[in-house]
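Notes for the one structure printed next.
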Amino acid sequence: MTDVNVIIKKQVEKHGAKREALMPILQSIVADKNYITEEDMLAVSEALDISAADVYGTATFYTFLETKPLGQYVIRVCKTISCHMAGKDEIIKTIEDALKIKLGDTTPDKKFTLLQANCMGWCHKGPVMLINDEVYPELTPEKTIEILEEYMSKK
């Protein structure tokens, strides 16, 4: 994990110390440590000379910018109407039962977090889930269990 100030400095060098650099900075922080703390938001606010409320508002608005620690593997199930009609509720229930957590929770061992996300651009292949950066389309409960077992067996 990189020091947040180093991340901010690199992004400011690349994008400038202006509001347009806010998203790349927040995305870089999440890419490095999986979430953004209040201290991180204050550091970004100071670096860009914008209000902490602006940084907080942005960090909490977007689905893929997290403000709490997540598991090693973040499972995001698409919640659009297309995926809903294709059976996303059954997929969520399958994941909840397999991991013994509810939507929004992280497993006690911090290995998995289960979330929903807005459209992932795979409406024609729903239901869809994303585990970190890997897309899994056309899910069935059986296929979902197979995928989860692969991740469970990873060290």
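Among the criteria (1) over 20 Å from GLN116 (Cα atoms); (2) of a type outside the set (Ser, Thr, Tyr); (3) in contact with a helix residue (DSSP H, G or I) (Cβ under 9 Å, 6 or more places away or on another chain), the one GLU13 does not fulfil is (3).
Could you give every pair whose Cβ atoms fall below 7 Å, whose first residue belongs to the stretch 32-59 and is within 17 Å of ALA17 (Cα to Cα), and whose second residue is among the charged types (D, E, K, R), counting only separations of at least 6 or pairs across chains? Hits for this filter: LEU48/LYS18; LEU48/ARG19; ILE50/ARG19. Condition check for LYS33 on (1) surrounded by 15 or more Cβ atoms within 10 Å (Cβ to Cβ); (2) out of contact with any Asp or Glu (no Cβ under 9 Å at 6 or more places or on another chain): one failure, at (2). Selection of the stretch 90-134 for residues being surrounded by 14 or more Cβ atoms within 10 Å (Cβ to Cβ) and in a strand (DSSP E or B) yields THR106, PHE112, THR113, LEU114, LEU115, GLN116, ALA117, MET129, LEU130, ILE131.
Tell me, yes or no, whether the stretch 55-75 has at least one residue that is hydrophobic (A, V, I, L, M, F, W, C) and over 23 Å from THR113 (Cα atoms). Yes, the conditions are met somewhere in the stretch 55-75.
Of the residues making up the stretch 3-17, those that are polar (S, T, N, Q) and over 17 Å from LEU42 (Cα atoms) number 0. Only a single item in (1) modelled with pLDDT under 95; (2) over 29 Å from ASP32 (Cβ atoms) is not met by LYS93, and it is number (1).
The values are calculated or read from the model by the stated rules, or taken from the named source; none is laboratory data. None of these values were measured; they are calculated from a predicted model. Positions of Cβ are generated from backbone atoms using ideal geometry, with glycine treated the same way; all protein chains shown enter the neighbour counts.
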